[in-house]
Amino acid sequence: MDQLTYFIVWFIKYFLPPMIANASPLLVKGSSMIDFGRKFVDGKPLFGRNKTWEGFLIGVYMGFSTALALSIVVDEPSLLFIGLGAVFSALIGDLFGSFIKRRLDIKSGDPFPVLDQLDFIFFTIIFYALLDVKEFLLHPDYIFYACILVLTLHIVTNNIAYYLGVKDKRW
């Protein structure tokens, strides 16, 4: 297998479930806010109105389904469990990004370049590192390229979502 093909397979195995999980909350209009409308000690919302339990659960479901499909297609049962952990890590990373944005007075749904695109991926990378996933960690150059690819894909897909009317702000 040539280097590019190997990178594509590696990228799909390790980043597709968290990417699907991160994008899936747009599929639902949730009303049950994860932070229950609570404020942090600074008087600002913890996460904001756009972070809902419905969105989180659809993210888990879609990301888990993707991990399940990948584990079957590549015949690696461990990808199911690794993928599920990556899905939760990505969704928690996205919540962390929202938490930071609220502290900086950036409104829910407003863009914060780079943080919006990479918060979930950084938490996914930390998860893989903590779990000591060998095939993942053997390729630090791939991790760098994956971050660039995710950054680009995130901007493109957000613009597509805006033009389709799924998102109300373009970035």
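Which ones in the range 26-38 are touching a residue at least 40 places away in the same chain (Cβ under 8 Å) and either closer than 20 Å to Ala161 by Cβ or not in a loop (DSSP other than H, G, I, E, B) (or both)?
Leu26
Here are some conditions: (1) assigned to a loop (DSSP other than H, G, I, E, B); (2) at pLDDT 95 or above; (3) over 23 Å from Phe99 (Cα atoms). Val41 meets all but one. Which one does it not meet?
It fails just one condition, (3).
Does Phe112 meet the test of being modelled with pLDDT under 95, farther than 28 Å from Lys167 by Cβ and either surrounded by fewer than 16 Cβ atoms within 10 Å (Cβ to Cβ) or over 15 Å from the mean Cα position of the chain (by Cα) (or both)?
Judged against the criteria, Phe112 is not a match.
Given the conditions (1) without any contact (Cβ under 8 Å) to a residue 40 or more places away in the chain; (2) surrounded by 14 or more Cβ atoms within 10 Å (Cβ to Cβ); (3) not in a helix (DSSP H, G or I), report the number of the one that Asp75 does not fulfil.
Result: Asp75 fails condition (2) only.
Quick check: is even one residue across the range 119-134 in a loop (DSSP other than H, G, I, E, B) and over 30 Å from Val41 (Cβ atoms)?
To start, the set of residues in the range 119-134 that are in a loop (DSSP other than H, G, I, E, B) comprises 132-133.
Filter again for over 30 Å from Val41 (Cβ atoms), leaving 132-133.
So far as the range 119-134 goes, yes, one or more of its residues are in a loop (DSSP other than H, G, I, E, B) and over 30 Å from Val41 (Cβ atoms).
Being surrounded by 15 or more Cβ atoms within 10 Å (Cβ to Cβ), over 19 Å from the mean Cα position of the chain (by Cα) and acidic (Asp, Glu) is the filter here, so list the residues in the range 1-53 that pass it.
none
I need the full set of residues from the range 92-118 which are outside any helix (DSSP H, G or I) and free of Cβ contacts under 8 Å to residues at least 60 places away in the same chain, in order please. Can you show your working first?
Our first condition is that a residue be outside any helix (DSSP H, G or I); within the range 92-118, this holds for 104-114.
If the condition is that a residue be outside any helix (DSSP H, G or I) and free of Cβ contacts under 8 Å to residues at least 60 places away in the same chain, then Leu104, Ile106, Lys107, Asp110, Phe112, Pro113, Val114 are the ones that fit.
Confirm whether Val87 is crowded, with 20+ Cβ neighbours inside 10 Å, modelled with pLDDT of 95 or more and assigned to a helix (DSSP H, G or I).
Taking the combined requirement at face value, the residue satisfies it.
Of all residues in the range 139-171, which are surrounded by 10 or more Cβ atoms within 10 Å (Cβ to Cβ) and outside any helix (DSSP H, G or I)?
Matches in the range 139-171: His139, Val166, Lys167, Lys169, Arg170, Trp171.
Taking only the range 54-72 into account, find how many residues are closer than 17 Å to Phe11 by Cα, buried (at least 18 other Cβ atoms within 10 Å of the Cβ) and not hydroxyl-bearing (Ser, Thr, Tyr).
The number of residues fulfilling the criteria is 4.
The values are calculated or read from the model by the stated rules, or taken from the named source; none is laboratory data. In this text, all values refer to a predicted model and were calculated from it rather than measured experimentally. We place every Cβ from the backbone using ideal geometry, glycine too, and count neighbours over all the protein chains shown.
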